[in-house]
1. Any residue in the stretch 352-361 that is within 25 Å of Ser281 (Cβ to Cβ), outside any strand (DSSP E or B) and not aliphatic (A, V, I, L, M)?
2. Scan the stretch 294-352 for residues that are at pLDDT below 90 and open to solvent by less than 50 Å² (accessible area, probe 1.4 Å) and jot them down.
3. Consider Glu268 carefully, then state whether it is of a type in the set (D, E, K, R) and open to solvent by 70 Å² or more (accessible area, probe 1.4 Å).
4. Out of the residues in the stretch 49-104 that are among the acidic types (Asp, Glu) and assigned to a helix (DSSP H, G or I), which is nearest to Met15 (Cα to Cα)?
5. Of all residues in the stretch 184-196 being open to solvent by 50 Å² or more (accessible area, probe 1.4 Å) and modelled with pLDDT under 85, which is nearest to Glu233 (Cα to Cα)?
6. Within the stretch 261-283, track down each residue that is more than 23 Å from Ser229 (Cβ to Cβ), in contact (Cβ under 8 Å) with a residue 12 or more places away in the chain and assigned to a helix (DSSP H, G or I).
7. Just one of the numbered conditions (1) out of contact with any Gly (no Cβ under 8 Å at 6 or more places or on another chain); (2) surrounded by fewer than 18 Cβ atoms within 10 Å (Cβ to Cβ); (3) modelled with pLDDT of 90 or more is not true of Ser84; which one?
8. I'm trying to understand the selection: among the residues of the stretch 197-228, which are open to solvent by 30 Å² or more (accessible area, probe 1.4 Å) and closer than 29 Å to Asp279 by Cβ?
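The values are calculated or read from the model by the stated rules, or taken from the named source; none is laboratory data. Owing to the predicted nature of the structure, the values given are computational and were not obtained by experimental measurement. Glycine gets a Cβ as well: all are built from the backbone with ideal geometry, and neighbour counts include every protein chain shown. In case anyone asks, the SASA skips ligands and DNA or RNA and just uses the protein heavy atoms, side chains included. Shrake-Rupley method; radii C 1.70, N 1.55, O 1.52, S 1.80 Å.
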Amino acid sequence: MSNGGNQRTSVSALMGTSVLDADGKAFGQVREFAVAPLTDSSRVEALVVRLAHAKRREQPSLVPIASLERGDFGQLKMIPGGTSRVMDSSDDFLLLERDLLDQQIIDVHGHKVVRVNDVAEVEVGMRGATRRLLKGLPESAVTGIASRIRPAVIPWDFVDLIDRDPARRVRLKIEQDKLASMHPSDLADILEDLAPAERQALFSSLDEEVAAEALEEVELKTQKRLIESIDSEKLAGIIEEMDPGAAADLLSELPEERSDAILEEMGEKERQDVEELLDYSADSAAGLMTSEFVALAGTGTVDDAMAALKSYEGDLDSVTDIFLLDAEERVEGVVALSRLLLTARETPLAELSETHMVSSALDANGRKVAELFDKYNLRCLPVLDAKKKLAGVVHAENVIAWLRSGH
């Protein structure tokens, strides 16, 4: 709201301010600030004013900002011809103090969760808290004291409000493009920091792919809390987007009846990939591995590898190596992805294969796997079954997560 030209003011500073009618007589006091999010979420459309002589249960009035001006002594005054109307229960307004102050919001620029103390842009620091503490005092006094404190504000464009109460008349949806552009680890940190109700509201708003990426990054305890209220059909769609190893870890922690219901809703291929991993201990190489990898015949070329990468349906960001298989599908070599970029497309992959390849058995314990990564500075570790066929791959990030979990 403007205050004498371009001077800015805030919710706390204006709360309780007297409003005069066009003749200078007492009209009422400011009790709320109404924003119409479907019209313009960046400005206050009207003030909610409690009339000077209103009865206790009488509805307040809505006074459009366009009908107000500043009086000589800091009051708000109705302009000649200004309008007002009784506030109706069907009005779809966002009320700033009721719906925003003290609420948790996501700063989508800073990738963090903050609590709103005041509204100018979005005040999240001590200055806003001070203004709220002094609410009701003359605006000049409040502003004078608060101005001594360093501001901590977030531009409104960088903020998304979490709507935790489905009964609210105003629902502000979090912009999916902003959330989807965050690194899954940042999104996981935000989920961890939120209160349970806000956490659930945010997670429920994510599309399946983004939800899956975030779910892989949060602590197991938080994973279980996030999914407990989601039906099996919707949850199956999310788990299908997860890395099979991470999905197996999660399902193994759920009651058997719940796990079976989710698996039943999954696609055949995704279900088979996860079920194969459920038989292994989480503390073994098999429990740490993923069954998603890129493998080609040892007779292939760089051009074949490029084609395989283009058609790969897993998480391409996790691919660091391409495995070469013999006629019996046993691993005979490994090629670092970086080497493909510097080599002619007709070059045989066998010429690029590393001379020394480290591998692990399915039943190797997690500590042994971690030692191999440390000793050989590995990017990833192929896991072989009893017939020396490639069963899966352990990535460095899997080992780090395992170690961080307390092993």
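1. yes
2. Gly314, Ser318
3. The answer is yes for Glu268.
4. The residue in question is Glu97.
5. Only one residue tops the list, namely Pro196.
6. Passing the criteria: Asp273, Glu275, Glu276, Leu277, Leu278.
7. Condition (2) is where Ser84 drops out.
8. Across the stretch 197-228, the qualifying residues are Glu208, Glu209, Glu213, Glu216, Glu217, Glu219, Leu220, Lys221, Lys224, Arg225, Glu228.
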